[in-house]
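Q: This is the structure I want to talk about, given as structure tokens.
The values are calculated or read from the model by the stated rules, or taken from the named source; none is laboratory data. The structure displayed is predicted, hence computed values, not measured ones. With ideal geometry, Cβ positions are generated from the backbone for all residues, glycine too; neighbour counts draw on all protein chains shown.
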Amino acid sequence: MRAQDQRSDRYRRWIVLSGGAVVAVLVLALGLVVIDRFGGSPVVVEGVVGSEKVDLFEDERVRERFAELGYDVRVRPQGSRSMAERADESDFVSPGSAAASEHIRGLHGVEDEYDPFSTPMVMLAHGPMAEALREEGVARVAEDGTWSLDLAAYLELTEDRVRWRDLPGDAVSSSNRNEVLARTTDPRTSNSAAMYVVVLSYLLNDEEVVTPGSVDEELTSTLARLFLAQGQPPESSRQPFEQFRDLGPGHTPLLWAYESQYVHAAVLGPPPPEDSVVMYPEPTVFSTHTIVPFTGAGDEVGRLLTEDPELRGLISEHGYRTEDTGRFRELVEEYGPAVRTGIGDVVHSPAYEALEALLNAIEQEYEDTGTAPAAPEDAFVGRSGGGRT
Amino acid sequence: MKGRTRAGAGALAALLAVSACSFVEGAGVAGTLRVLAGSELADMEPLLAESAERTGVELVLDYSGTLDGTERIVAGAVEDYDAVWFPSNRYLHLVDGDRSSVRGETSVMLSPVVLGVSASRAEELGWVAGDGSVSGVTWEDVTLAVEEEGLTYGMSSPAASNSGFSALIGAASAMADSGAALEREDVAGVEERLATFFSGQELTAGSSGWLMEEFERRRRDASGSGAVVPDGVVNYESVLMSYVPEAGEDPLVLVYPEDGVVTADYPLTLLAGASEEAAAAYERVVADLTSAEVQARIAETTFRRPAAAGVSERGFPSVVELPFPARREVVDELVAAYFSELRRPARTVYVLDVSGSMSGSRISGLRRALTVLTGADEGPLSSRGQVFQEREEVTLLPFSDEPGEPVSFVVESEGADRARRGLAEEIAALEVGGETAAYDAVEAAYSLVEEAGEDGYLSSVVLMTDGEVNRGLDLDGLFASLEGLPSHAAAAPVFTVLFGEADAEEMERLSSRTGGRVFDARDLDLEEVFREIRGYH
């Protein structure tokens with residue numbers, strides 16, 4: 001059931017679309033640009049995007065490029081799970097997964113979709129932790145110098161509730177009594193944590209993508225523990241990455257994150273600790289960042305993000321992978337994070353209903369024990385992360 | 001924070017650019033951000049004043065305790081503020097789970113809650129390595145030192161102050177040693193060890209700052225009052241690092257429990273009700289405070305760790321962070337257990353002025369304030385520590401011409417209601433008339449504490465008087481009579497409540513001689529003052 005190359009169908013939608021329709025839109029858009037160039041103010045386009053993409057859309061260079069193309073793109077962050085219902089009130093939405101995108105399109109009867117960029121989910125580890133996991137046989141270094149994490153073996157460690165001090169190696173042997181447990185975002189609100197559920201549910205379900213019928217209590221309680229045992233969830237997807245980057249191995253030894261977060265930090269800074277590594281879980285999942293348009297202008301934003309070379313270059317600097325693999329490769333070589341270019345071992349996301357069933361069951365476990373859901377991501381001021389990139 | 005201001009660094013640069021623009025545009029328009037802040041943050045005021053010059057935004061800080069402030073937020077009683085700034089939002093996020101009261105937050109700096117111990121004592125305990133550092137000590141090692149070597153320490157009240165709260169969560173989580181976030185079922189298994197750990201708590205306080213002042217006073221004035229000098233104190237790393245010993249004074253060494261700590265992360269938090277202008281001002285302030293330069297200054301002047309790596313030259317040791325409980329019940333039950341089972345029980349003698357001048361609204365105000373303390377121990381966390389606790393011995397000692405007959409109640413777990421009812425009846429029956437022999441009454445209170453013997457209780461005296469002392473002992477006479485008290489009685493502080501025409505100077509002298517504190521109820525609600533004092537028992 002693992003797709004060897006998920007990318008083959010990532011562009012299906014817009015390829016279908018790219019016929020006469022696109023040409024027509026293009027002509028129309030060029031016309032608009034021309035009008036705007038000479039006529040004054042750019043077209044305001046409003047989008048609702050997963051909070052992890054706010055930095056990209058608010059990057060001054062991205063805004064400038066859109067302005068050159070005649071658009072003033074304004075975005076508001078909202079979690080992929082909660083953006084569906086009122087999605088059509090904006091010009092476009094941009095969820096962080098194919099399943100969420102599919103659900104939104106189904107709900108509003110939208111056929112079009114752009115997949116301008118994606119990023120694989122990774123496990124970030126501080127040096128001593130990576131080394132300990134390697135000695136334990138859970139992680140290994142591939143020939144190209146990139147790291148792999150055997151996710152099934154990691155899952156076994158969590159089931160045995162192994163502590164960092166139990167692992168081989170001097171660096172972690174005695175000082176950290178916490179369980180070997182990845183820090184994640186909040187599964188009730190965050191796309192990144194939902195991606196964690198996607199891969200772990202696949203492994204826990206005997207390497208089968210979960211269907212609504214296969215969601216049972218054993219599966220969901222195992223998953224829920226992996227979140228609840230971490231303690232109080234972080235307040236946003238940005239916070240745990242910054243804590244990993246800035247507060248050392250004693251604070252966040254292991255973090256489930258978007259690869260783009262790490263690459264972005266390496267390219268634009270502040271850089272991650274030098275001894276930290278990106279581990280590619282085997283299997284992993286791609287977070288596919290789609291654009292679902294509801295208006296002509298929204299459609300144009302999706303198209304430009306997909307096709308405009310300058311925007312694609314900026315997207316690459318934010319750590320995402322686009323069709324233009326060359327730019328991503330260049331950046332990685334220049335800034336040096338050991339990033340794997342070809343990722344083979346990838347699982348499909350369960351269908352929307354099955355993933356929702358899993359997330360709802362996990363949410364229930366939080367509620368059963370009186371922990372109300374955490375930050376709806378839209379509750380936050382766009383940049384109230386306060387100048388943190 | 002290194003590199004955070006690098007030119008062209010994405011959104012940050014964008015943000016700075018925006019800020020700079022707004023600043024230029026807004027120059028001359030003085031923005032203000034009204035902030036309800038933890039009292040710990042008073043030391044940031046010089047840095048905030050510098051920041052205001054750069055951003056054009058003035059932060060106006062009103063101070064409150066962390067847990068008290070948390071309850072004000074949840075109760076919606078923060079309309080007067082745009083933002084809050086406490087050492088931690090953890091309890092807030094447990095109580096206000098959907099974060100509906102908060103619009104955004106940014107951690108500005110960090111400080112773990114650790115133990116500072118006299119260097120000589122740490123040496124005796126074998127905790128100090130050849131290079132003078134302490135490592136490898138766990139919470140259980142500290143507990144063993146309490147149990148076997150009589151280690152004593154001061155710690156603030158977990159219901160009043162974030163440092164005490166963090167220490168309680170940290171000690172419990174570390175001792176449960178589950179490797180994961182503390183759960184309810186873990187707590188029962190560690191209560192015995194926690195009780196042993198807390199048997200070493202010789203000093204409590206309603207705030208981290210006052211705790212350190214009193215610790216310092218006891219160390220430097222050891223012979224004066226005869227009060228026990230604790231070996232150490234649990235507080236923020238920053239507070240302990242700021243402690244400057246006098247010449248010849250035993251310095252403090254910092255013990256970072258190897259099994260983990262709970263760290264305060266000082267999130268500057270924009271409230272949900274803030275205006276757009278306030279939100280813009282907030283972002284300007286946050287961008288400034290998180291800049292590399294300011295982060296380095298914070299570390300340099302306040303000893304708090306920067307919220308970003310690589311900007312400080314201070315060698316802060318690395319620590320392991322304990323997972324913070326995900327469930328509110330765990331925390332609430334642990335704090336309740338601290339008061340009812342784990343801590344040393346309190347003995348409090350309320351020395352109450354019922355002289356003629358107290359008639360009318362004054363005596364009814366006093367009755368009302370005391371009655372609140374007899375309430376049941378439910379409701380929000382901060383009020384838990386404020387009502388009379390299980391095992392606590394409460395004595396009412398009214399006085400006028402001379403000390404009256406003391407009436408004592410012990411709040412037993414089964415008969416808690418009975419004790420509270422009895423107290424309420426006594427309070428209601430307080431009658432006024434006569435002169436003010438306050439110091440005779442304080443002397444009588446110390447006699448009661450002395451007679452109780454060394455029974456593990458932490459004793460204190462609360463003196464409430466509304467006028468000059470005009471009968472019996474004068475203050476020097478009282479001080480003379482307190483000479484030679486056994487240490488358990490000498491350690492009892494007198495918390496004085498300024499009310500009516502009370503002699504502020506004498507009250508100050510009495511409090512500082514005994515290690516207490518003056519609470520001014522002349523402009524404040526007496527009930528509020530009595531509740532605040534409860535954090536100090």
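Q: Under 20 Å from residue B:373 (Cβ atoms), of a type outside the set (A, V, I, L, M, F, W, C) and buried (at least 17 other Cβ atoms within 10 Å of the Cβ) - does that describe any residue in segment B:428-444?
A: no
Q: I'd like the full set of residues that are crowded, with 22+ Cβ neighbours inside 10 Å and assigned to a helix (DSSP H, G or I), limited to segment A:104-143.
A: Those that are crowded, with 22+ Cβ neighbours inside 10 Å and assigned to a helix (DSSP H, G or I): A:104, A:129, A:130, A:132, A:133.
Q: Output the residue which, of all residues in segment B:271-295 that are more than 10 Å from chain A (Cβ to nearest Cβ) and surrounded by fewer than 18 Cβ atoms within 10 Å (Cβ to Cβ), is farthest from residue B:104 (Cα to Cα).
A: The selected residue is B:293.
Q: Being surrounded by fewer than 18 Cβ atoms within 10 Å (Cβ to Cβ) and at positive phi is the filter here; which residues of segment B:95-129 pass it?
A: B:126
Q: Counting just the residues of segment B:296-309 that are at pLDDT 95 or above and assigned to a loop (DSSP other than H, G, I, E, B), which one comes out nearest to the other protein chains (Cβ to nearest Cβ)?
A: B:304
Q: Something else now. For the subset of segment A:144-171 comprising residues that are part of a strand (DSSP E or B) and not basic (Lys, Arg), which member is farthest from the other protein chains (Cβ to nearest Cβ)? Reasoning before the result, please.
A: Just the residues of segment A:144-171 that are part of a strand (DSSP E or B), to begin with: A:147-150, A:163.
Of the ones still in play, those that are also not basic (Lys, Arg) are A:147-150.
On the way: A:147: 22, A:148: 25, A:149: 20, A:150: 21 Å.
Taking the candidates together, the pick is A:148.
Q: Which condition from (1) assigned to a loop (DSSP other than H, G, I, E, B); (2) of a type in the set (Ser, Thr, Tyr); (3) out of contact with any helix residue (DSSP H, G or I) (no Cβ under 6 Å at 6 or more places or on another chain) is the one that residue B:312 breaks?
A: Every condition holds for residue B:312 apart from (3).
Q: Oh, and also: Name every residue in segment B:240-265 that is within 14 Å of chain A (Cβ to nearest Cβ) and among the hydrophobic types (A, V, I, L, M, F, W, C), in order of residue number. Give the derivation first.
A: Looking only at segment B:240-265, we keep the residues that are within 14 Å of chain A (Cβ to nearest Cβ), and these are B:256-265.
Listed by number, the residues that qualify are B:261, B:262, B:264.
Q: In segment A:152-174, how many residues are buried (at least 22 other Cβ atoms within 10 Å of the Cβ) and either at pLDDT 95 or above or under 30 Å from residue A:316 (Cα atoms) (or both)?
A: Count: 1.
Q: Give the number of residues within segment B:230-255 that are surrounded by 21 or more Cβ atoms within 10 Å (Cβ to Cβ) and in a loop (DSSP other than H, G, I, E, B). Break it down into steps so the answer makes sense when it comes.
A: Taking segment B:230-255 as the starting set, the residues that turn out to be surrounded by 21 or more Cβ atoms within 10 Å (Cβ to Cβ) are B:230-240, B:252-253, B:255.
Adding the requirement that they be in a loop (DSSP other than H, G, I, E, B) leaves B:230-231.
Qualifying residue count, segment B:230-255: 2.
Q: I'd like to verify a number: residues in segment B:457-482 that are without any contact (Cβ under 8 Å) to a residue 24 or more places away in the chain and not hydrophobic (A, V, I, L, M, F, W, C), how many? If you could, list the steps in order and put the result at the bottom.
A: Step one: filter segment B:457-482 for residues without any contact (Cβ under 8 Å) to a residue 24 or more places away in the chain, giving B:476, B:480.
Add one more test, that the residue is not hydrophobic (A, V, I, L, M, F, W, C), and what stays is B:476.
Of the residues in that region, 1 qualify.
Q: Touching an Asp or Glu at 6+ places or on another chain (Cβ under 7 Å), outside the structural domain of residue A:196 (by TED's automatic domain parsing) and not small (Gly, Ala, Ser): which single residue out of A:112, A:150 fits that description? First the steps, then the outcome.
A: On the way: A:150 fails: outside the structural domain of residue A:196 (by TED's automatic domain parsing).
The match here is A:112.
Q: Let me ask something else. Out of the residues in segment A:313-324 meeting the condition of being more than 14 Å from every other protein chain (Cβ to nearest Cβ) and closer than 21 Å to residue A:97 by Cβ, tell me which one is surrounded by the most Cβ atoms within 10 Å (Cβ to Cβ).
A: Taking segment A:313-324 as the starting set, the residues that turn out to be more than 14 Å from every other protein chain (Cβ to nearest Cβ) are A:321-324.
Next cut, closer than 21 Å to residue A:97 by Cβ only: A:321-323.
Working: A:321: 24, A:322: 21, A:323: 16.
Checking each candidate, the answer is A:321.
Q: How many residues are farther than 16 Å from residue A:97 by Cα and over 17 Å from the mean Cα position of the chain (by Cα) when one looks only at segment A:267-299?
A: 17
Q: Just to verify a result, which residue in segment A:185-219, among those that are in contact with a Ser or Thr (Cβ under 7 Å, 6 or more places away or on another chain) and within 14 Å of chain B (Cβ to nearest Cβ), is surrounded by the fewest Cβ atoms within 10 Å (Cβ to Cβ)?
A: A:193
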